[in-house]
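Trainee: Got a structure for you, questions after.
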């Protein structure tokens, strides 16, 4: 089948995803512990009247969290797609490679050592922790003292898991020895869009935009890398440069998402697999589908967390419940080939 004949159904599928994503984001504005009718919602959005009955619900609660769903969802989806391509491992996402653990450790360290006590402070510590962890994992995971493959996806994944375990252990030690950090971290560490100001999305948006630009610039190289480093070199690509660009892309996107919403697992993993199942091995289309599908899934999970419990279940708790069955399904279906 020609590439042109594949473009039309791919565009149709992407358009359908966009429509579903818009509907999910609308449901994020309308539904929760207090449902808002369509008329009341649009009146409140357009008038911005502080005296209206729904003003606090819509403008002070649901608009900020919907913006965070959109920004964090886009970042998690694209970072997951890029992560799959650069590691050539279908079971990796930013959380598995230690990004979430690095962000959590940095936040706890900020509370203990620097008396950080506001959500706005947590964002910057989380961002720095995620960026540094990504950098260290990729440098160590790409280092081969015996001259072996520098792009070994298994080594990279194991490095991320090891660093994540160490950072999680250090985080636990700090939490158990500091009651202030323990109580401050309970809400943030679960991964939630609640009680986040609009600034939480706006502050990380420039970083996420930069990450998206890097993803757009690197997709052809990542397609070549999927065929192996020798093939990428033969096609005129520089594997080291591609890896560096991918590292910066993942760090900016995953770090920005974690800083805005806290650690949220499985979204990048889930959307990258769904996109690849629909599209096939084409990094540009996979990235585009993941960019739209991730906010859709995140919005659904967030709304479910609001309506299924009076106390509200954090979205970071709902997404593993939705994503874990997929992970089990993938593990059972994968053909492990030993070489």
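The values are calculated or read from the model by the stated rules, or taken from the named source; none is laboratory data. Quantities reported herein were computed from a predicted structural model and do not represent experimental measurements. Ideal geometry is used to build each Cβ from the backbone, glycine not excepted, and the neighbour counts take in all protein chains shown.
Trainee: Kindly indicate which of 33, 52, 27 is in contact (Cβ under 8 Å) with a residue 60 or more places away in the chain, touching a helix residue (DSSP H, G or I) at 6+ places or on another chain (Cβ under 8 Å) and not in a helix (DSSP H, G or I).
Mentor: Values: 52 fails: in contact (Cβ under 8 Å) with a residue 60 or more places away in the chain; 27 fails: not in a helix (DSSP H, G or I).
Only one candidate qualifies: 33.
Trainee: Another question about this same structure. Residues in segment 204-225: is at least one over 30 Å from residue 302 (Cα atoms) and out of contact with any helix residue (DSSP H, G or I) (no Cβ under 6 Å at 6 or more places or on another chain)?
Mentor: yes
Trainee: Name the one entry in 176, 213 that is farther than 24 Å from residue 96 by Cβ, at pLDDT 90 or above, assigned to a helix (DSSP H, G or I) and within 22 Å of the chain's Cα centre (by Cα).
Mentor: Working: 176 fails: within 22 Å of the chain's Cα centre (by Cα).
That would be 213, the only listed residue that is farther than 24 Å from residue 96 by Cβ, at pLDDT 90 or above, assigned to a helix (DSSP H, G or I) and within 22 Å of the chain's Cα centre (by Cα).
Trainee: Further question on the same structure: I'd like the full set of residues that are under 12 Å from residue 85 (Cα atoms) and not in a helix (DSSP H, G or I), limited to segment 230-247. First the steps, then the outcome.
Mentor: Residues of segment 230-247 that are under 12 Å from residue 85 (Cα atoms), as a first pass: 242-243, 246-247.
Once the filter is applied, which keeps residues that are under 12 Å from residue 85 (Cα atoms) and not in a helix (DSSP H, G or I), segment 230-247 yields nothing.
Trainee: Considering segment 111-124 alone, what residues qualify as being in a helix (DSSP H, G or I) and either touching a residue at least 60 places away in the same chain (Cβ under 8 Å) or buried (at least 22 other Cβ atoms within 10 Å of the Cβ) (or both)?
Mentor: So the first thing to find is which residues in segment 111-124 are in a helix (DSSP H, G or I), and the list is 111-114, 119-124.
Once the filter is applied, which keeps residues that are in a helix (DSSP H, G or I) and either touching a residue at least 60 places away in the same chain (Cβ under 8 Å) or buried (at least 22 other Cβ atoms within 10 Å of the Cβ) (or both), segment 111-124 yields 111, 112, 119, 120, 122, 123, 124.
Trainee: Tell me whether segment 81-95 contains one or more residues that are at negative phi and at pLDDT 90 or above. Before you say what the answer is, go through the steps one by one.
Mentor: The first filter runs over segment 81-95 and keeps only residues at negative phi, leaving 81-87, 89-95.
Still in the list and also at pLDDT 90 or above: 81-82.
So far as segment 81-95 goes, yes, one or more of its residues are at negative phi and at pLDDT 90 or above.
Trainee: If you don't mind, there's one more thing I want to ask. What do you reckon, is residue 286 at pLDDT 85 or above and in contact with a helix residue (DSSP H, G or I) (Cβ under 8 Å, 6 or more places away or on another chain)?
Mentor: Criteria met by residue 286.
Trainee: I'd like to know if segment 2-12 contains one or more residues that are surrounded by 14 or more Cβ atoms within 10 Å (Cβ to Cβ) and free of Cβ contacts under 8 Å to residues at least 60 places away in the same chain.
Mentor: Narrowing segment 2-12 to residues surrounded by 14 or more Cβ atoms within 10 Å (Cβ to Cβ): 6, 10.
Restricting the remaining residues to those that are free of Cβ contacts under 8 Å to residues at least 60 places away in the same chain gives 6.
Yes.
Trainee: I'd like the full set of residues that are closer than 17 Å to residue 226 by Cβ and modelled with pLDDT under 85, limited to segment 265-275.
Mentor: 273
Trainee: Still on this structure, please answer the following. Would a scan of segment 115-122 turn up a residue that is modelled with pLDDT of 85 or more and over 19 Å from residue 271 (Cα atoms)?
Mentor: In the first step, residues of segment 115-122 are kept if they are modelled with pLDDT of 85 or more; the result is 115.
If we keep only those that are over 19 Å from residue 271 (Cα atoms) too, we end up with 115.
Within segment 115-122, one or more residues are modelled with pLDDT of 85 or more and over 19 Å from residue 271 (Cα atoms).
Trainee: Could you tell me whether residue 164 is at positive phi and either modelled with pLDDT under 85 or assigned to a helix (DSSP H, G or I) (or both)? If you could, list the steps in order and put the result at the bottom.
Mentor: Details: at positive phi: no; either modelled with pLDDT under 85 or assigned to a helix (DSSP H, G or I) (or both): yes.
Criteria not met by residue 164.
For (1) surrounded by 24 or more Cβ atoms within 10 Å (Cβ to Cβ); (2) closer than 24 Å to residue 324 by Cβ; (3) in contact (Cβ under 8 Å) with a residue 40 or more places away in the chain, each residue gets a yes or a no:
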position: 195; (1), (2), (3): no, no, yes
position: 209; (1), (2), (3): no, no, no
position: 231; (1), (2), (3): no, no, no
position: 238; (1), (2), (3): no, no, no
position: 251; (1), (2), (3): yes, no, yes
position: 265; (1), (2), (3): no, yes, yes
position: 268; (1), (2), (3): yes, yes, yes
position: 276; (1), (2), (3): no, yes, yes
position: 285; (1), (2), (3): no, no, yes
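Trainee: Does residue 227 count as within 30 Å of residue 281 (Cα to Cα) and within 19 Å of the chain's Cα centre (by Cα)? Spell out how you get there, then give the answer.
Mentor: On the way: within 30 Å of residue 281 (Cα to Cα): yes; within 19 Å of the chain's Cα centre (by Cα): no.
Against the criterion (within 30 Å of residue 281 (Cα to Cα) and within 19 Å of the chain's Cα centre (by Cα)), residue 227 does not qualify.
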